[in-house]
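Okay, so here's the structure we're looking at.
The values are calculated or read from the model by the stated rules, or taken from the named source; none is laboratory data. Nothing here was measured: the structure is a model prediction, and the numbers come from that model. Cβ placement follows ideal geometry from the backbone for every residue including glycine, while neighbour counts extend to all protein chains displayed. Just the protein is used for accessible areas: all its heavy atoms, side chains included, with ligands, DNA and RNA removed. Shrake-Rupley method; radii C 1.70, N 1.55, O 1.52, S 1.80 Å.
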Amino acid sequence: MTRARLASLLLLAALLAAWEAACRTLGLPKLVLPPPSAVATSLWQGLASGYFWPHLQATMLELLLGVAGGCAVGFGAGIALAESAPLRRLLMPYVVASQVVPKLALAPLFVLWFGFGMTSTVVITALICFFPLLENTLTALQQVPPERLELFRMLGATRAQTLWRLKLPSGLPGILAGLRVAVVLALVGAVVGEFIGASRGLGALVIASQGTMDTSLMFAVLVLIAALGMSVYQATLLLERWLLLPFTRNS
Amino acid sequence: MTRARLASLLLLAALLAAWEAACRTLGLPKLVLPPPSAVATSLWQGLASGYFWPHLQATMLELLLGVAGGCAVGFGAGIALAESAPLRRLLMPYVVASQVVPKLALAPLFVLWFGFGMTSTVVITALICFFPLLENTLTALQQVPPERLELFRMLGATRAQTLWRLKLPSGLPGILAGLRVAVVLALVGAVVGEFIGASRGLGALVIASQGTMDTSLMFAVLVLIAALGMSVYQATLLLERWLLLPFTRNS
Amino acid sequence: QNTPPRLDRIVVAGWNKPITEVTPLLVDEDKGFYRAQGIALEYVPGAGSADAIRNILAGQADVAFSDPLTFFAALDKGEKLRAIYDIYPQNVFNVVSLKGSNITRPADLKGKKIGVYSLASGTRQGLQVLLHSAGLSESDVTVVVTGLLNFAPLMQGQVDATAATDTGLLIGRRRGLPEVNVIEVGQVLPMSSDLFVVREDVYQAKRAALQRFLRGYADAAAWMMAKPEEAAQLAVKRAIDGTDPALNLEIIKLRNASSVSALTRRNGLGALDVASLQAAADTYRRLGLVQKPLDVGKVVSQDLLPGRRGEPG
Amino acid sequence: MRAVCAGAAAVSLLSLRDVRFAFPGWPATVAGVDLDVAAGAFHCLVGRSGCGKTTLLKLAAGLLRPDSGEVVFRGRGRDAIGPDIGFVFQAPNLLEWQRVIDNVLLPVSLHHRPRPEEAAQALQLLEQLGLAAHARKYPRQLSGGQQSRVALARALILQPSLLLLDEPFAALDAITREELQRDLLQMCRARGTGVLFVTHDIAEAVYLADRVDVVESGRIVQEIAIELPARTAQTRYSPAFAQRCAEVRAALHLEAVEA
Amino acid sequence: MRAVCAGAAAVSLLSLRDVRFAFPGWPATVAGVDLDVAAGAFHCLVGRSGCGKTTLLKLAAGLLRPDSGEVVFRGRGRDAIGPDIGFVFQAPNLLEWQRVIDNVLLPVSLHHRPRPEEAAQALQLLEQLGLAAHARKYPRQLSGGQQSRVALARALILQPSLLLLDEPFAALDAITREELQRDLLQMCRARGTGVLFVTHDIAEAVYLADRVDVVESGRIVQEIAIELPARTAQTRYSPAFAQRCAEVRAALHLEAVEA
Ligand SMILES: Nc1ncnc2c1ncn2[C@@H]1O[C@H](COP(=O)(O)OP(=O)(O)OP(=O)(O)O)[C@@H](O)[C@H]1O
Ligand SMILES: Nc1ncnc2c1ncn2[C@@H]1O[C@H](COP(=O)(O)OP(=O)(O)OP(=O)(O)O)[C@@H](O)[C@H]1O
Ligand SMILES: Cc1ncc(C[n+]2csc(CCO)c2C)c(N)n1
Ligand SMILES: [Mg+2]
Ligand SMILES: [Mg+2]
């Protein structure tokens, strides 16, 4: 554990050093690729001056709401579609359509429908992140060993009981893989949603820094985004480890 | 099957009718929401005049290459990370970082590294679509029943054999759920990639049509994108049905 | 047949897709303005002037199609760049509001909700200039990002005004925008909208080719002024958004109008107005958009310009 | 005891009438079976591996729907499967994410959160099955025979009026097996439970059953009534017992195996 | 036959020396076992459910690593598990996405694409096990006993020199069982295969084994040599056989079960 973390940090340091060296020796313009030192300075300044905080806060709130909404919908829809084949055939095309249509293109319309501010970003986030959870829930629920299903029929379990007591627990690992993808996509969704329709949030900051050609500021914001992403991912891993305890516990 | 398709078509017709009616009665300007009839006209004109074809072609090619590349990487990395816990701890943070950082912001760098034209879009596509496949492969490979693993150890199977003959087949359903998410995301990736660095492709067309505020054209392009997405999704479903035959066949 | 003469490759980095507005850069295959000068022209797209500048800095292109502020901002960051041609000497930015809202002067914008394309767009900078002229700043208004369909929220009443460009307004009108008030940024800050910008070292190394490129561009621009209908027709084929020739024509007419000024009528197309650019640079510094003082005279070069010779007879 | 119920068709718990079933695309697996299990009756099914015993049991349970013929449980058609039948599958079929005690309490917990007395009852059942020490383990931590006993406990917890048991003791050692045979018999006698019991162990069949049904190619080819006095420790060594065993062996053509 | 090998320690195929094993966090499951299986020797392990037979077998196979003591197979430590051991797990453990024939050929196909003669050999093995008609079915389409026979065929296909069998016949009917006992014994005799065979069926143990090891709480508490003349159809009815059975029953404290 600590060794892996050490290795990871060493790798990070090596990558950063290589990047810094590349910037210096190749003489790449800062505007194209700022050296890590410049990015670090921007990052530190942004954090110390408090410039980043409101944006970080906004993005985190959107992320939270979006993940909650998207996962609720994805999980619910996954269950509904797994339980009903006709529903699946009926709705799946719309689900797919909702996914392939780029939200970035629809963002201006979202703004018209949901107004400026948080709502449209949250909607975009939810819309982006519900799909992997839906697909994985759908698949996991259909993979229950048939003899377990027979057992539950034999016990006179209702459909809801079979779902909650059998299908969901036994599909949990697959569902959680979907959740991991979902939270990661959700952050992308929140940031992209902020590209349009928001004047706050890390996404807005990225665009603003692009406008002023402040590339090191932009990279600093990207670093923040990555850090945020890794923390929610880690949190998901912890949740997963806890939820899967009954599958792994040995004492 | 035919009934479900009929129901799906009926639902589509109903939705379109409602949309058309809403546009007419509310007197919404076309700019805000074009009626389906206008979208259909744009779609027809674009198809008939051949205006859409080169763009469609470009996007399809990028999609194909991106999916191929992304899935190869996602699958390969999923296997590597599933097989090696240290590697997983070492690399997973980078994988997550690569996902949460919005490609839209990095696109200029891609252009710098991969030049203009198709390559950067393909790289973006691959980068976006490899993650769900990676996560699902990772999870599926770790879910093999331990007694099967004992069997393969007993048979003196090499690590590669255990992987190819046991883990992959038994994780196939989960892996394919990841593939379904991946192909769908890949199309989003291709289109978003075209938003930035391309003068061809459906994504470029979306931006162009937004520039001229031709919302019906934009919606027509979105319809094309949705249709393309649904066809690749359907193709994936067919592939899946074929690959899972040994799990379902009864004679 | 004669073997064709060896052509010098010039790559232009645009701020957008190959759209009707930049028809002079797209018609070489049909009209041969650049081939005639021994230039093989390529156009690479971008999403904003910052992309164009970045692309020349990264060596992906030779010439950037950039607005002055982006050019200044890059200089401010220490990059060695040079402007060699004034594409649009006129300021094309404006702020548009519905007739009934009675916003006619920059001062009327106080406390209003105003849309911009994006936080990185020229529309926002135009708005800032206007606000500055009325002693206001962005904090006195609510800026919201609308995306490219910026007139839709205006029509729906979700914003009080929206910052746009002349072509944007034209298109908006065609898409059903009712009677509007227009505050032109050019009234406050008459200045160029776009320049051709090159890296200093490219400027030194490729002088001859750049000169021929500019001659080709000036010829193309002059042709577009002389034959707007033909240009509108060709845009159907060459521009990604050129499906409607009638609209093309109107856009082309607007761009033709913004391509000339009193100065260009005197010195030929592309002539750079150092004084107005200096004024703009000083304004931007006061706005805090660039940090360091800038001597515009040192970063513009008129010596590659075709001069009056380039104008068709 | 059996004499009390034997004659009356009214007390027939479960009856199968000319039941036929084939897996789609395959020849018939159950090819016309008539069978009656009265309350308190103990039937054993014996027959060669693959002859259709499990399929028959699943038909009786309503897990499979006959292609023709009918299955009646307590006078009702077998559409609604309820908790009044205890079923032990051939494989243990436990929920791997639940502890042993929770697996046993599963049928209860589908109705309501198990009450303390029910938990105590489950523990007592586990105790009786020799698993008291394993109540808080997960199924993956049990031996094969322990798992099959948990499955048995799960089938018994609701005290159903009909038990359908598919080789429940196959994975058990002789001593545990004989103890459980004794306990099961006592319990079913006391509660008047009807039992349909699949086994490959002839002595087990004869010890447990009132009647042994010999299955061959999806048909009941012979019904052997076992009339023995109430079972005691000595039963297994009585000549009558040996004779019944020989009868069943004969019905199974068992003496024909050459060296 | 056994006399030939008995004395020489050199021909000991498998030997366990004071092997101990505990699942982490639990008391010892195998608590000091010494065991030798010579080439051609047939050992049966009997003992109560949960006494540690499966764990012992897995230790012998190298699937579990002993906490102390050592396991030696053909003179080498048990780190490299190879195809020279045939293992039948307590549950069938088949690959559900492969047909029966491919499951049987699995050990072969891990080395090379099965040759026609190997496929023929697999089919013949299936034939012998009464499964010829089921070769192209998937495991989910088989009965429990059929699945366990497929697992047996898979263990035999490579003709290993050591067989570790964990209740391979538990799910089989008496007739199939007796046939397979006979065939297995013949085969092992002919090939000089060493066998370690777990069973709960005392008659089976006595019929098959040269020696029956009685396991109790992770220890071999008694080793009963079975000296019977070469097995024939009559063996099971001989007084000597009955006496050996009684001996094993006694070792298992089986007579103590009261009614
Ligand atoms: N993973 C585990 N963790 C803890 N205890 C275990 C684990 N696996 C098995 N045991 C315990 O070890 C003991 C021996 O198990 P083993 O499977 O060897 O028994 P067995 O003799 O094969 O029994 P059976 O005849 O029922 O198959 C049992 O009491 C069992 O509960
Ligand atoms: N899904 C299926 N498709 C086709 N055939 C099947 C299927 N399931 C079972 N069978 C066949 O039906 C027959 C009866 O199976 P069943 O499980 O009822 O046997 P059984 O009497 O319980 O045998 P055992 O004693 O081995 O458990 C077997 O020959 C088996 O191969
Ligand atoms: C005629 C004309 N219209 C719009 C723009 C676009 N633009 C002006 S400034 C700016 C911000 C820098 O990225 C952008 C995108 C232009 N350059 N020229
Ligand atoms: Mg069966
Ligand atoms: Mg065991």
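Note that chain B presents 39 Å² accessible area per residue, ligands and nucleic acids not counted, probe 1.4 Å. For the stretch E:127-151 and the stretch D:163-181, what is the separation of their C-alpha centers, rounded to whole Å? Centre-to-centre (Cα) distance: 24 Å.
Under 5 Å from the amide H of D:Phe87 lie the amide H atoms of D:Leu164, each residue being 5 or more positions distant or on a separate chain, with H modelled from the backbone and absent for Pro and chain starts.
For the peptide A:151-162, the mean number of other protein chain Cβ atoms found within 10 angstrom of a residue's Cβ is 6.
Of the GluC sites (Glu not before Pro) found in the stretch E:186-259, the ones in coil according to DSSP and having at most 14 other Cβ atoms within 10 Å of their Cβ are E:Glu227, E:Glu258. Farthest towards the positive end of the charge dipole of the protein assembly as shown, among the residues B:Gly27, B:Gln142, B:Leu179, is the Cα of B:Gly27, using unit charges on the Cβ of Lys, Arg, Asp and Glu. Ranked by the mean number of other Cβ atoms within 10 Å of their residues, highest first, the peptides C:209-217, C:267-275, C:119-127 fall in the order C:119-127, C:209-217, C:267-275.
Comparing the stretch E:95-159 with the 2.2 N^0.38 Å rule of thumb, its C-alpha radius of gyration ratio is 0.98 (two decimals).
To the nearest hundred square angstrom, how large is the accessible surface buried between C and A, total for both chains, probe 1.4 angstrom?
On the way: alone 13860 and 14430 Å², together 26330 Å².
Using a 1.4 Å probe, the pair buries roughly 2000 Å².
Each part reduced to its alpha carbon centroid, the stretch B:21-40 and the stretch E:24-85 end up 77 Å apart.
Under 5 Å from the amide H of D:Ile220 lie the amide H atoms of D:Asp34, each residue being 5 or more positions distant or on a separate chain, with H modelled from the backbone and absent for Pro and chain starts.
Could you give the dipole magnitude of chain E about its Cα centre, charging the beta-carbon of Lys and Arg +1 and that of Asp and Glu -1, in debye to the nearest 20?
620
For chain E, what is the relative contact order in percent, using Cα pairs closer than 8 Å and at least 6 residues apart in sequence? Over chain E, the number comes to 25 percent.
For the stretch E:95-159, a crude dipole built from +1 on the beta carbon of Lys and Arg and -1 on the beta carbon of Asp and Glu, taken about the Cα centre, is about 160 debye to the nearest 20. For the protein assembly as shown, taking the reciprocal of the average inverse distance between every pair of different Cα atoms yields a Kirkwood hydrodynamic radius of 36.3 Å.
Overall, the protein assembly as shown carries a charge dipole of about 1360 debye about its Cα centre when +1 sits on the Cβ of Lys and Arg and -1 on the Cβ of Asp and Glu, all other atoms neutral. Using a 1.4 Å probe over protein heavy atoms, the accessible area lost on pairing D with E, summed over both chains, comes to approximately 3100 Å².
Residues of the stretch E:185-202 losing 40 Å² or more of accessible area relative to the isolated chain, 1.4 Å probe, heavy atoms only? SASA drop of 40 Å² or more in the stretch E:185-202: E:His200. Within the accessible area of the protein assembly as shown, the carbon and sulfur atoms contribute 59%, probe 1.4 Å, all protein chains present. Counted over the protein assembly as shown, the DSSP beta bridges are approximately 55% antiparallel.
A straight Cα-to-Cα reach below 21 Å connects C:Lys99 with the lysines B:Lys30, C:Lys110, C:Lys112, C:Lys113, residues fewer than 8 places away in its own chain not being considered.
Counting only other chains, and only Cβ atoms inside 10 Å, what mean value do you get across the residues of C:242-251? Before the final figure, lay out each step's value.
On the way: counts 3, 10, 3, 0, 0, 2, 1, 0, 0, 1.
Going residue by residue through C:242-251 and averaging, the value is 2.
Restricting to chain E, compute how many DSSP beta bridges are antiparallel as a %, nearest 5. List each step's numbers first, then the result.
Numbers: 21 of 39 bridges.
If I count the DSSP bridges inside chain E, around 55 percent turn out antiparallel.
3J(HN,Hα) couplings calculated from phi for the stretch A:135-146 with the Karplus curve 6.51 cos²θ - 1.76 cosθ + 1.60 (θ = phi - 60°) are, in sequence order, 4, 5, 4, 3, 5, 4, 5, 8, 9, 5, x, x Hz; Gly and Pro show x.
Each residue of the stretch B:54-201 gets 103 Å³ once the volume of the Cα convex hull is shared out per residue.
Between this copy and the others, label points of A:Pro246 are 3.1 nm apart in ascending order, each placed 7 angstrom from Cα in the Cβ direction.
Amide H contacts of C:Val44: C:Val12, C:Ala13, C:Gly14, each under 5 Å away and 5 or more positions distant or on a separate chain (H built 1.01 Å from N in the peptide plane; Pro and chain starts excluded).
The relative contact order of chain A, computed from alpha carbon pairs under 8 Å that lie at least 6 residues apart in sequence, is 26 percent. Sequentially through the stretch A:221-236, phi angles give Karplus couplings (6.51, -1.76, 1.60; θ = phi - 60°) of 5, 4, 4, 4, 4, 4, 5, 4, x, 5, 5, 5, 5, 4, 4, 4 Hz, Gly and Pro residues having no value and appearing as x.
Along the charge dipole of the stretch B:54-201, Cβ charges K/R +1 and D/E -1, which of B:Met118, B:Ile128, B:Leu87 sits furthest on the positive end? Going by the Cα projections, it comes out as B:Leu87. The residues of the stretch D:134-256 expose, per residue, 34 Å² of accessible area to a 1.4 Å probe. If you take the Cα centroid of the stretch A:80-148 and the Cα centroid of the stretch A:187-206, the two points sit 21 Å apart. Annotation for the A:B interface, with buried accessible surface near 4700 Å², both sides summed [1.4 Å probe; non-protein components not counted].
The rotation axis taking chain D to chain E passes closest to the C-beta of one chain D residue; that residue and the distance in whole Å read D:Ala170, 2. Across the stretch D:202-217, coupling constants 3J(HN,Hα) worked out from phi with the 6.51/-1.76/1.60 Karplus curve, θ = phi - 60°, read 5, 4, 4, 4, 5, 5, 7, 8, 7, 8, 10, 9, 9, 9, 9, 6 Hz, and Gly and Pro carry x.
Counting pairs of alpha carbon atoms under 8 Å apart in space and at least six apart in sequence, what relative contact order in percent does the stretch D:95-159 give? Each step should come with its number before you reach the end.
On the way: 64 pairs, mean separation 32.7, N = 65.
Relative contact order here is 50 percent.
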